[in-house]
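> The structure under discussion is supplied below as C-alpha cells; questions concerning it will follow.
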Amino acid sequence: MQKLVNVIAVVSGVVSLTVVGTAGYVYVNKDAIIQSVTDKALGSLGGLGGALGGGASGLGGDLPIGTPDLAPSADAPAQAAVPTNPF
C-alpha cells in the first residue's frame with residue numbers, strides 16, 4: 001500500500017512540474033508565440049493579407065469617399081416621427 005501512495009505522489013509531482021514548466025515556457029516565449037499565430041492567421045487569408053495592411057486593393061478597387069447615397073434627401077422630414085404610446 002505504501003508503494004502505491006509513493007507512486008501516486010511521484011506522478012503528482014511530475015504533473016505539477018510539467019504544468020509549471022509549460023506555464024514558464026509560454027510566459028518566456030509569449031511574444032514569439034503571438035507573432036507565429038499572427039503570421040499564420042494572416043497567411044491563411046490568402047489574397048486579403050495585403051489588403052488589410054495596404055488599403056483596399058485586394059477588395060476589388062478603391063473604396064468610395066463619403067456616402068452621398070446615405071445623405072437625407074431634400075424632401076425628407078428634418079426629424080424622425082416619434083412613435084406614440086400604444087397603451
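> Expected output is a single nm value to one decimal: the length gained when fully extending between I8 and D75, i.e. 0.36 nm times separation in residues minus the C-alpha distance. What is it? Please report the intermediate quantities before stating the final value.
Numbers: separation 67, 0.36 × 67 = 24.12 nm, distance 8.16 nm.
Gain on stretching I8 to D75: 16.0 nm.
> If I model a spin label as a point 7 Å beyond the Cα along the Cα-Cβ vector, how far apart are those points for V26 and L45 in nm?
2.6
Laboratory data are not the source of any read-out in this text; all were calculated from the coordinates shown. Keep in mind it's a predicted model, so treat the numbers as computed, not measured. Virtual Cβ from ideal backbone geometry, glycine too; neighbours counted across all protein chains shown.
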